[in-house]
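The values are calculated or read from the model by the stated rules, or taken from the named source; none is laboratory data. Predicted, not measured: the structure shown is a model, and the values here were computed from it. Backbone-built Cβ (ideal geometry, glycine too); neighbour counts: all protein chains shown. Just the protein is used for accessible areas: all its heavy atoms, side chains included, with ligands, DNA and RNA removed. Shrake-Rupley method; radii C 1.70, N 1.55, O 1.52, S 1.80 Å.
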Amino acid sequence: MADTSELLVPPHHVAIIMDGNGRWASSRGRPRAFGHRQGVESLREAVRAAGDLGVKQLTVFSFSTENWRRPAEEVEALFELLRRFVAADLDRLADEGVCIKVIGRNEDLSDDLVKIIENAEARTAQNTKFKLVIAFNYGGRDEIVRAARRACRDSGGDLSGLTEAEFAKYLDTTDMPDPDLVIRTGGEHRVSNFLLWQAAYAEFVFTDVLWPDFGEADLKAALEVYARRKRRYGGVNG
Ligand code: IPE
Ligand code: IPE
Ligand code: MG
């Protein structure tokens, strides 16, 4: 039988909850930070593979507003990894046509980290081939509340005519399409405060594969599951 996988229509926007780094490291008797470092390798591979498979945008959850509950040492390791990822990969990603955007609550970040992020965004702002969105210090509820505050300020306090489309412009994801597919690795079946507004009609694929083990074949398998889904958006078609 012919290989039909090439004929699949890929989702435009894939979002990934990159979970399982800690368990991956613990099962090897290593500190959790070792799993996070290996997770960055999976992220590099996922960006490359997603582009090759025809995906146009990848949004990855790399630090949640609840992850501050972890030991300070682990939080520091996760912050350090973002810095190192930008330092090591920005030139290459910029050359490859990747537009980088970081979403989340940046008021909690140090000034120098905010500068690093702003530089990466400005440097790649004109790129259109592929979009990489890093959700860092991100929480869906926090994003919605921040958006509500800004909308309220702009309207002078009268939000009675506010539409969904107008409100969405205040979210960190302003002008981005909603995710078509959300993948969660690491075996848990929950959203953990990721893209609560934007994932309203996303398809979800859960896999037991731990994030450091996730590779191109796993991404392809998730896209194949997605391609067989019927999206109805509340209607009756299909
Ligand atoms: C995902 O891996 C990375 C972050 C949440 C920052 P975890 O660190 O949650 O790994 P597990 O779920 O404990 O294995
Ligand atoms: C979700 O994973 C957050 C990220 C992947 C960054 P968590 O490991 O923090 O989620 P819970 O605690 O299992 O819900
Ligand atoms: Mg986890």
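For the reader, a short list of remarks on this structure follows.
- In this structure, Thr128 qualifies as open to solvent by 80 Å² or more (accessible area, probe 1.4 Å), within 19 Å of the chain's Cα centre (by Cα), within 28 Å of Leu53 (Cα to Cα) and β-branched (Val, Ile, Thr).
- Qualifying residues in the range 12-36 (those that are among the basic types (Lys, Arg) and within 11 Å of ligand 1 (Cβ to nearest atom)) - the one surrounded by the fewest Cβ atoms within 10 Å (Cβ to Cβ): Arg23
- Residue check, Gly104 in contact (Cβ under 8 Å) with a residue 60 or more places away in the chain, away from ligand 3 (no atom under 16 Å from the Cβ) and either surrounded by fewer than 16 Cβ atoms within 10 Å (Cβ to Cβ) or not acidic (Asp, Glu) (or both): yes
- Among the conditions (1) among the hydrophobic types (A, V, I, L, M, F, W, C); (2) within 16 Å of ligand 1 (Cβ to nearest atom); (3) open to solvent by 50 Å² or more (accessible area, probe 1.4 Å); (4) not in a loop (DSSP other than H, G, I, E, B), Phe85 misses just one, which is (3).
- Residues that are among the aromatic types (Phe, Trp, Tyr) and in contact with a Gly (Cβ under 7 Å, 6 or more places away or on another chain) were ranked within the range 176-218; the one that is farthest from Arg28 (Cα to Cα) is Trp197.
- Where a residue in the range 50-63 is without any contact (Cβ under 8 Å) to a residue 60 or more places away in the chain and its partner, wherever it lies, is of a type outside the set (D, E, K, R), with Cβ under 7 Å and at least six apart: Gly54/Pro10
- The range 64-81: number of residues that are among the charged types (D, E, K, R) and within 14 Å of ligand 3 (Cβ to nearest atom): 4
- In the range 7-33, the residues that are more than 20 Å from Met176 (Cα to Cα), outside any loop (DSSP other than H, G, I, E, B) and within 15 Å of ligand 3 (Cβ to nearest atom): Asn21, Gly22, Arg23, Trp24, Ala25, Ser26, Arg32, Ala33
- Test: residue in the range 160-175 that is more than 16 Å from ligand 1 (Cβ to nearest atom), under 13 Å from the mean Cα position of the chain (by Cα), surrounded by 14 or more Cβ atoms within 10 Å (Cβ to Cβ) and modelled with pLDDT of 95 or more: yes
- Tallying residues that are over 25 Å from Gly215 (Cα atoms), touching a residue at least 12 places away in the same chain (Cβ under 8 Å) and away from ligand 2 (no atom under 16 Å from the Cβ) within the range 161-199 yields 8.
- In the range 178-188, residue least open to solvent (accessible area, probe 1.4 Å) [restricted to those that are under 17 Å from Gly140 (Cβ atoms) and part of a loop (DSSP other than H, G, I, E, B)]: Pro179
- Inclusion of Leu210 among residues that are under 30 Å from Ala148 (Cα atoms) and either modelled with pLDDT under 95 or crowded, with 20+ Cβ neighbours inside 10 Å (or both) is not warranted.
- Looking only at the range 142-156, residues that are farther than 24 Å from Glu66 by Cβ and either open to solvent by 50 Å² or more (accessible area, probe 1.4 Å) or touching a His at 6+ places or on another chain (Cβ under 9 Å) (or both) come to 4 in all.
- Scanning the range 88-101 for residues that are open to solvent by less than 20 Å² (accessible area, probe 1.4 Å) and farther than 26 Å from Ala168 by Cα turns up Asp89, Leu90, Leu93, Ala94, Gly97.
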